[in-house]
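Structure record follows, encoded as structure tokens.
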Amino acid sequence: MATEVNGEQRLGEGVDDPGWEVDPDDESGAAVVATVGRQLRLRREAAGLRAAEFGRLIGYGDDLVYKVEAGKRIPRPEYLDKADKALGAGGLIAAMKRDVEGVRYPKEVRDLAKLEARAVEIAVYAGNGIHGLLQTEGHARVLLETRQPPYSEDEVERGVAARMARRSVFDRSPSPSLSFVLEEAALRRPIGGRMEWRQQLQRLLEVGRLRSVSLQVMPTDVEAHPGLDGGIEVLKFADGKAVGRSEGAFHGRAVSAPKQLRILELRYGMIRAQALTPRESLAFIEHVHGEA
């Protein structure tokens with residue numbers, strides 16, 4: 001009989017925990033996992049241990065050991081910690097946690113997270129729904145679970161974990177300057193039910209009160225504004241470079257040319273001018289939260 005601890009397979013279990021499978025289309029991520037797996041196998045064999053013996057030492061089944069060593073499964077941090085201790089690696093195996101930390105997330109999300117981690121300014125108009133950086137875990141999960149065609153359970157778990165990891169941008173020091181404009185309609189849609197809706201509104205209030213954040217609401221009674229054909233996102237970096245994207249401009253492609261960025265910044269500036277002020281927006285969100 002198998003048991004499960006902290007969501008990971010234990011001895012004899014035959015079902016893989018979602019969210020830790022290697023994406024075969026992610027060549028760079030697969031290469032990292034393959035390298036880590038190869039190092040684990042070489043150290044295990046050098047210690048004279050068979051896969052089953054090693055698995056018993058660290059509390060996992062040999063099937064999982066084989067998958068990790070073959071680069072078919074991303075090892076959890078606790079797996080690497082236990083392997084390091086069992087093989088007497090003196091921290092060298094545990095140090096690989098950083099190498100595999102981001103590989104769990106889809107490549108396109110990792111690329112976006114890298115840009116957000118470097119940005120000194122982030123400006124976002126979310127034309128449809130709550131922006132990913134502002135979502136609660138439950139809100140993100142519901143959105144991913146309702147996609148069509150449907151995501152697999154593994155894809156949902158990877159997506160949720162990736163969105164939650166991106167929220168570290170709020171914890172950076174020094175903090176980047178973050179500006180968000182959300183549509184009123186997004187605040188009123190009870191995604192995930194009443195309790196989850198209230199938690200999402202509370203999250204917006206918490207983020208909106210941060211000194212590094214400007215959060216604004218675009219009322220539905222504003223008849224027209226420059227963002228009606230798609231969301232806008234502009235990221236600026238310490239070296240003076242910037243990148244931006246909008247569904248309604250330049251065929252939705254990311255742009256970095258100054259002329260194109262000026263167009264996006266002009267549109268974003270006009271959107272902010274038509275939205276409620278940050279103070280008014282927080283009061284509005286508090287009012288919606290009270291009604292929820």
For Leu115, the lone unmet condition from (1) surrounded by fewer than 17 Cβ atoms within 10 Å (Cβ to Cβ); (2) aliphatic (A, V, I, L, M); (3) more than 16 Å from the chain's Cα centre (by Cα) is (3)
The condition of being on the phi > 0 side of the Ramachandran plot and not aromatic (Phe, Trp, Tyr) holds, among Gly71, Gly37, Gly55, Gly61, only for Gly71
For Asn128, the lone unmet condition from (1) polar (S, T, N, Q); (2) out of contact with any strand residue (DSSP E or B) (no Cβ under 8 Å at 6 or more places or on another chain); (3) not in a helix (DSSP H, G or I) is (2)
- request: Tell me, yes or no, whether the stretch 71-79 has at least one residue that is among the basic types (Lys, Arg) and assigned to a loop (DSSP other than H, G, I, E, B).
  value: yes
Those residues of the stretch 1-50 that are small (Gly, Ala, Ser) and either at pLDDT below 50 or assigned to a loop (DSSP other than H, G, I, E, B) (or both) come to a total of 7
(message) Condition (residue is surrounded by 16 or more Cβ atoms within 10 Å (Cβ to Cβ), within 22 Å of Arg158 (Cβ to Cβ) and of a type in the set (Val, Ile, Thr)) applied to the stretch 46-60: is it met by at least one residue?
(response) no
Filtering the stretch 226-242 for residues that are surrounded by fewer than 18 Cβ atoms within 10 Å (Cβ to Cβ) and of a type outside the set (D, E, K, R) leaves a count of 5
When (1) buried (at least 21 other Cβ atoms within 10 Å of the Cβ); (2) modelled with pLDDT under 90 are applied to Glu153, the one that fails is (1)
Subset of the stretch 244-292, residues charged (D, E, K, R) and in contact with a strand residue (DSSP E or B) (Cβ under 9 Å, 6 or more places away or on another chain), comes to Arg245, Glu247, Arg253, Glu265, Arg267, Arg272, Glu280
Considering the stretch 84-102, residues that are touching a residue at least 40 places away in the same chain (Cβ under 8 Å) and under 26 Å from Ala238 (Cα atoms), and then whichever is farthest from the chain's Cα centre (by Cα), we arrive at Asp99
Is one or more of the residues making up the stretch 97-119 over 20 Å from Ala161 (Cα atoms), assigned to a helix (DSSP H, G or I), outside the structural domain of Arg198 (by TED's automatic domain parsing) and out of contact with any Asp or Glu (no Cβ under 6 Å at 6 or more places or on another chain)? no
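Tell me the residue from Leu201, Leu228 that is of a type in the set (A, V, I, L, M, F, W, C) and more than 25 Å from the chain's Cα centre (by Cα), please.
Leu228
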So, first residue touching a residue at least 60 places away in the same chain (Cβ under 8 Å) in the stretch 127-153, second residue surrounded by fewer than 15 Cβ atoms within 10 Å (Cβ to Cβ) and charged (D, E, K, R), Cβ within less than 6 Å, six or more apart or across chains; the pairs are none
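Regarding the stretch 143-160, can at least one residue be identified that is small (Gly, Ala, Ser), under 21 Å from the mean Cα position of the chain (by Cα), more than 24 Å from Pro278 (Cβ to Cβ) and not in a strand (DSSP E or B)? Before you say what the answer is, go through the steps one by one.
Step one: filter the stretch 143-160 for residues small (Gly, Ala, Ser), giving 152, 159.
Next, only the ones that are under 21 Å from the mean Cα position of the chain (by Cα) stay: 152, 159.
So of that shortlist, the ones also more than 24 Å from Pro278 (Cβ to Cβ) come out as 152, 159.
Going one step further and asking which of them are not in a strand (DSSP E or B), we end up with 152, 159.
Yes, the stretch 143-160 has at least one match.
The values are calculated or read from the model by the stated rules, or taken from the named source; none is laboratory data. All figures in this text were calculated on a predicted structure; none of them were measured in a lab. So basically every Cβ, Gly included, is an ideal-geometry build from the backbone, and we count neighbours across all protein chains shown.
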